[in-house]
Amino acid sequence: MNHAFTGPSYTIGIEEELMICDGSSYDLVNAIESLLGPAPAGHVKPELMESVLEIATDPEPNTAAAGEQLRALRAHVRATAARRGLTIGSSGTHPFAMWEDQRIAARERYRDLVSSLRFVARQELIFGVHVHVALDDPDKAIHVADGMRVHLGVLLALSANSPFWRAQATGMRSARIPIFRAFPRVGVPPAYGDWANYEREIEFMVRSGVMDDYTYLWYDVRPHPDLGTVEVRVCDAQTRVEHTLGLAALIQAMVRELAEHHDSGGTLAAYPWQMLDENKWLAARDGLDGELVDLPGQERIATRDLARRLVERLRDHAQDLGSAAELEAVEELIDRGNGADRQLVVYEANHDLRELMAEIVEATGA
């Protein structure tokens, strides 16, 4: 399998899936084609549904540089939308939209996806943020992707931002996770061990006809050979851009720590897949207010304490990478709550989901 794991290591790219909304009612609008066109540095692209757009930065050395692009892209799509009576919001789910009202984007890949997955694809009205970090060696990329599985629970807890679905309070901090779980080839990935084994497994699945290529693996973390990156996909879309950048800074530092672990000849501890998946479930349900299993010690620990410990351990990596300032937003999430917590505070005042969407749209542009 061809790959682009040639470096430079640790450059970072960020993708955000955003909501296209009516400027007054905040309903989702099937309008992606009217928002495509020339953009500043980075890209504006369609997604599965016509009410969703994706913005993506070019590779940058740190989150400070990526943040300049991301803010410019958000401003660009908001301005383009405003000229058409539309607006842009960012959250893991739209609080009251119905998937039955959404049109599939007129692209061969997406039509084929609906043909293959049927209503499972049609109900995937969810929004995430994906962070790519480049590496310079394929075996190192597999080591990092395998090692990142331990961090998926805490990353989800920090990023949880989807407590509402189909005009209902779900009781979850991230309803996006159980919705997406209906897809095949999602969630916590297997541990591949090395590049040769990854190649064998992907080639087996392609030859068997269940998928066209590795991009049909939608795991929470995956190698992306064509881009030469490890892609972390577990996080809900963030309403505030500084939280996107804080999570990206944390992920970049995690990747560097694991890459250096590989370079030093380290081996990864083997944990039961079921426990990795359980931590992710607990994070989706409780966000930062619950507990996760501290896997090395096999004991429950407050999720906030685990997150604080990770930030302290990785701070020097973020400093070396030029991403320390953005990492401070993660501390703010720990101290003041994640996006789901903030949505619930707004909703509790009047139980008004349109008022909540107005807050989401305003904060998306802040």
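The values are calculated or read from the model by the stated rules, or taken from the named source; none is laboratory data. Keep in mind that this is a model prediction, so the values were computed, not measured. Positions of Cβ are backbone-derived with ideal geometry, glycine not excepted, and every protein chain shown enters the neighbour counts. Note: accessible area is taken over every heavy atom of the protein model, side chains too, but ligands, DNA and RNA are not part of it. Shrake-Rupley method; radii C 1.70, N 1.55, O 1.52, S 1.80 Å.
Can you work out D for the stretch 177-227 in µm² s⁻¹ from Stokes-Einstein, where Rh is the Kirkwood radius over C-alpha pairs, the temperature is 37 °C and the viscosity is 0.692 mPa s? Could the numbers behind the result be given before it?
Details: Rh = 11.8 Å.
For these conditions, the coefficient is 279 µm²/s.
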Legend entry - Protein-only accessible surface order, largest first, of Ser9, Ser264, Ser91 at 1.4 Å: Ser264, Ser9, Ser91
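What whole-number value in cubic angstrom gives the convex hull volume per residue for the C-alpha atoms of the chain? Before the final figure, lay out each step's value.
Values: hull volume 46.2 nm³, N = 366.
Once divided by residue count, the hull of the chain is 126 Å³.
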Inset, instruction - For the chain, set up a Gaussian network in which alpha carbons nearer than 10 Å are linked by springs, and say which option among Gly228, Gly67, Gly266 fluctuates the most. - result: Gly266
Inset, instruction - Please give the calculated 222 nm ellipticity per residue for the chain, where each DSSP H segment of at least 4 residues contributes -39500 (n - 2.57) and the sum is spread over every residue; nearest 500 deg cm²/dmol? - result: -14000 deg cm²/dmol
Inset, instruction - Set the Förster radius R0 to 25 Å, insert the Cβ-Cβ distance between Arg300 and His261 as r into 1/(1 + (r/R0)^6), and round the FRET efficiency to 0.05. - result: 0.50
Legend entry - Environment charge at Leu155 (Cβ cut-off 12 Å; Lys +1, Arg +1, Asp -1, Glu -1): +1
Inset, instruction - Take the Cα atoms of the stretch 247-298, build their convex hull, and give its volume per residue in Å³. - result: 95
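Express the carbon and sulfur contribution to the solvent-accessible surface of the chain as a percent, rounded to the nearest whole number, probe 1.4 angstrom. Show your work: numbers first, answer last.
Details: 7000 of 14660 Å².
Carbon and sulfur: 48 percent of the exposed surface of the chain.
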Inset, instruction - Report Phe119's accessible area, 1.4 Å probe, all protein chains in place, as a number in Å² to the nearest 10. - result: 120
